[in-house]
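Working notes for the structure below.
The values are calculated or read from the model by the stated rules, or taken from the named source; none is laboratory data. Keep in mind the model is a prediction, meaning the values are calculated, not measured. Neighbour counts run over all protein chains shown; Cβ positions are idealised from the backbone, glycine included. For the accessible areas, the whole protein counts, side chains as well, though only heavy atoms, and no ligand, DNA or RNA atoms are used. Shrake-Rupley method; radii C 1.70, N 1.55, O 1.52, S 1.80 Å.
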Amino acid sequence: MRKTSAATREKAARQGGEKQGMPLFARIFYLIAALSLAVYLIAVFSPRFAAFFTGTVGAFLRSLLAHLTSFLPFSLAEVLLLASPLLVVGVGIHAWRRQFPTWRDVFLYLGSVVSVFALLFSVFVCSIGTAYHTPTLFERMELAEESVNAQALGELAEELVPLVNDAAHEVSFGENGFSRMPYGLDGMNDRLLLAYDRVCGEYDFIQSLQSRVKPVLVSKLMSYTHITGVYSFYTGEANLNTYFPDYTLPFTAAHELAHQRGIAREEEANFVAFLVAAASDDAYIRYCGYLNLFEYVAGALYRADRDAYAKVLGTLDPLVLGELAAFSDFFEEFRDSAISDVSDKVNDTYLKLHGNEAGSASYGLVVRLAVAYFKKS
């Protein structure tokens, strides 16, 4: 067996290090990331550009990702997330086996790993990132943006009650107090897509797209985070927590499908979800849309005028009141989980980083859009 001296090995390592550089794929990823950062900065300062990019390049990328993953009956994003510890260990083992001869090689290897995250940043910017800076729904739908007081909330709640009650009469309820969705997730998905076709026909800034909602395998565990659904920008999937009661599912699914169609802001995705549910021919989906919006409005009314809140609540159909009471009992198990505080802070920070000063509270801002919309109509 031939042996070499330490000096010879060190000289060979130096010479090899001089010949090696950043891999081609990593350099390409960093170049794409730099271009994506420039696009994002332009979008921040130009809502018109943000709308153009979101509706063209973004629409193409979201559609491409959604179609590439749609054939999978499970969420690829969830599988990748659950497998991430193994991926980290695998990268560590691979790095250890490489036995880098110099620190330069170490940094080049780390640079190659980080380039993958740079690519993910690019996918985020080009698929949904610019959509956070498009003109608001108030502007796009020509709604008057006004401050919302207790009176306006009370009037909207009173207007929603008969819509909820009438829809409830066409819905069946179980002994546990919850309403029953009369079909599975595929049936729900098909009905939502039909309703989306109608809404997209009326509002051209909402992308028309044939896609599917993916059930989350660890939905009960996800419930402790208080997350009912999530859009995965890097796989193009709308993911749904199926452990929550039936009446929450169509609205949440429509919300995540709104993100998939380029509606980034949370309150706007909520409002589009309502528009879609209200446009549906299906009684159960309409019921879910009206009730979920009513909950947002009633919650705001409770904080503004508790007497008015109690009065409106008393006009709800007993079956609907039973559903709300059943949900309160159901949610008790998850209400004070520590992980929900962490997830809320992460989500709050994420939203604020993308220009939403309200952070997690923006979900409830759907009431402002709803008040303006019902006033106009």
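Here are the numbers for this structure:
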| item | result |
| --- | --- |
| The chain: Lys pairs at Cα distance under 23 angstrom, eight or more positions apart or on different chains | 4 |
| Protection-proxy order for peptides 77-88, 224-235, 180-191, 241-252, each taking the mean of Cβ atoms within 10 Å per residue, highest first | 241-252, 224-235, 180-191, 77-88 |
| Region 71-175: C-alpha pair distances exceeding 16 Å, % | 81 |
| Degrees between helix 366-376 axis and first principal axis of the chain (Cα, 0 to 90, nearest 10) | 50 |
| Global geometry of region 87-129, whether rounded, prolate or oblate, following the gyration tensor of its Cα atoms and the 1.5 cut on a/c | oblate |
| 25 °C / 0.890 mPa s Stokes-Einstein diffusion coefficient of region 233-293, Kirkwood radius on C-alpha pairs, µm²/s | 212 |
| Check: the chain dipole with +1 on Lys, Arg Cβ and -1 on Asp, Glu Cβ, in debye | 2920 |
| Cα gyration tensor shape for region 139-286, rounded if a/c is under 1.5, else prolate or oblate | rounded |
| Estimated dipole of region 228-275 in Debye, rounded to 20 [Cβ of Lys and Arg +1, of Asp and Glu -1, Cα centre] | 80 |
| Accessible surface ranking that places the most exposed of 368, 306 first, with a 1.4 angstrom probe | 306, 368 |
| Relative counts (whole %) of C-alpha pair distances in the chain, using bins that are 20 Å wide | 25, 52, 17, 6, 1 |
| Solvent-accessible ranking of 220, 375, largest area first, probe 1.4 Å | 375, 220 |
| For region 125-173: rounded, prolate or oblate by the Cα gyration tensor [a/c cutoff 1.5] | oblate |
| Percent of Cα-Cα distances greater than 16 Å, calculated over region 27-116 | 72 |
| Degrees, to the nearest 10: 103-127 long Cα axis against longest axis of the chain | 30 |
| 222 nm mean residue ellipticity, helices alone, for the chain (DSSP H n ≥ 4; -39,500 (n - 2.57); rounded to 500) | -21000 deg cm²/dmol |
